[in-house]
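S.K.: Okay, here's the structure, questions in a sec.
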Amino acid sequence: MQHGRVYGLGAQAQAYEGMTSSTASSFTSSSYDSLQAQQISALQAELEQVRKSQADWKAQLHAQFQMQM
């Protein structure tokens with residue numbers, strides 16, 4: 001029996017693919033909680049990078065606009 005896949009995002013990606021029923025039984029709720037915490041951390045880090053990129057882009061756009069005036 002195959003179980004679904006769980007992925008994190010970004011450089012800290014975590015993947016658990018194709019676990020059999022025997023390995024799934026040893027995949028305890030604390031391991032699942034730990035995986036979720038890692039995924040949340042990875043998503044928060046990516047969100048911060050996106051926010052910084054948006055701020056940089058906005059500053060560059062503002063500077064270009066000021067140079068044209």
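S.K.: Does S21 qualify as being exposed (fewer than 10 other Cβ atoms within 10 Å of the Cβ) and modelled with pLDDT under 55? Spell out how you get there, then give the answer.
M.R.: Numbers: exposed (fewer than 10 other Cβ atoms within 10 Å of the Cβ): yes; modelled with pLDDT under 55: yes.
Here the answer is yes, as S21 does meet what is asked.
S.K.: Any residue in segment 31-60 that is touching a residue at least 24 places away in the same chain (Cβ under 8 Å) sitting within a Cβ distance under 6 Å of a residue that is in a helix (DSSP H, G or I) and not hydrophobic (A, V, I, L, M, F, W, C)? List the pairs, counting only those 6 or more apart or interchain.
M.R.: A42/G10; A42/Q12; E46/G10
The values are calculated or read from the model by the stated rules, or taken from the named source; none is laboratory data. Just so you know, these numbers come straight off a predicted model, no measurement behind them. All Cβ positions, even for glycine, are placed from backbone atoms using ideal geometry, and neighbour counts span all protein chains on display.
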